[in-house]
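Colleague: Please find one structure pasted underneath; my questions will follow.
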């Protein structure tokens, strides 16, 4: 199993095509060989959960049976050709799921792996469907956690994505190492308090948390590859 996340930035004049892609790309993804799970995603402006959409930035997360299936998609598919024609830039990371628990639309898209990540950069996906009655609680804590994460040692970048505004949100964050990610996740008192609130107040109707070993990073985001020189 290989997981891909592609982030596409469109020119401002092509934003209508970006919106159109959210409808048009569904059929080719449904018919795509070797793809067991996929989500077309909008993006926030600040690299994490965000109420302000970035109309120029969109994404696709997909789970592939193997790397060959992904490569055929990247070379030949209608979706990939659309990106090449209309996108200003694209950035793709290929990952191996190492740990995952929870569900996404009632499915476990990455299975139930529980493997150690010894060295190299990692990615963390945090995804949730937020209960309508808990939206205010959730959003009142987002900025504090985002600022803590952005200043944490080992933090490289993060992408805020979502299937729907406000209540179906995800963050894909990238770290130099597992140790540095854990230091933030478990060593920050403020972060620990927010996690405690999510449980005690029951913010989510569904959630998923996954960690990945990053295999390949290609393309650029804002003119550079965030992982350049970090992957051996």
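Colleague: Does residue 20 satisfy being in contact (Cβ under 8 Å) with a residue 12 or more places away in the chain and either outside any loop (DSSP other than H, G, I, E, B) or touching a helix residue (DSSP H, G or I) at 6+ places or on another chain (Cβ under 8 Å) (or both)?
Modeller: Spelling it out, it is not the case that residue 20 is in contact (Cβ under 8 Å) with a residue 12 or more places away in the chain and either outside any loop (DSSP other than H, G, I, E, B) or touching a helix residue (DSSP H, G or I) at 6+ places or on another chain (Cβ under 8 Å) (or both).
Colleague: Okay, next question. Under 9 Å between Cβ atoms, which residue pairs at least 6 apart in sequence (or on different chains) link something in segment 168-196 that is at negative phi and touching a residue at least 40 places away in the same chain (Cβ under 8 Å) with a partner that is surrounded by 23 or more Cβ atoms within 10 Å (Cβ to Cβ) and part of a helix (DSSP H, G or I)?
Modeller: Within 9 Å, the pairs are 173/181; 175/181.
Colleague: Could you grab me the full set of residues in segment 196-218 that are assigned to a helix (DSSP H, G or I) and surrounded by 14 or more Cβ atoms within 10 Å (Cβ to Cβ)?
Modeller: 197, 198
Colleague: Take segment 140-154 and flag every residue that is more than 19 Å from residue 198 (Cα to Cα), touching a residue at least 24 places away in the same chain (Cβ under 8 Å) and surrounded by fewer than 18 Cβ atoms within 10 Å (Cβ to Cβ).
Modeller: 150, 153, 154 - these are the residues of segment 140-154 that are more than 19 Å from residue 198 (Cα to Cα), touching a residue at least 24 places away in the same chain (Cβ under 8 Å) and surrounded by fewer than 18 Cβ atoms within 10 Å (Cβ to Cβ).
Colleague: Within segment 28-42, does at least one residue satisfy the condition of being touching a strand residue (DSSP E or B) at 6+ places or on another chain (Cβ under 9 Å), in a helix (DSSP H, G or I) and surrounded by 15 or more Cβ atoms within 10 Å (Cβ to Cβ)?
Modeller: Yes.
Colleague: On to the next question. Step by step: first the residues of segment 161-181, then only those that are modelled with pLDDT of 90 or more and in contact with a helix residue (DSSP H, G or I) (Cβ under 8 Å, 6 or more places away or on another chain), then the one that is surrounded by the most Cβ atoms within 10 Å (Cβ to Cβ). Which residue is that?
Modeller: 175
Colleague: Oh, and also: Out of 64, 83, I need the residue that is buried (at least 20 other Cβ atoms within 10 Å of the Cβ) and more than 24 Å from residue 112 (Cβ to Cβ). Which one?
Modeller: 83
The values are calculated or read from the model by the stated rules, or taken from the named source; none is laboratory data. Model, not experiment: these values are computed from the prediction. Virtual Cβ from ideal backbone geometry, glycine too; neighbours counted across all protein chains shown.
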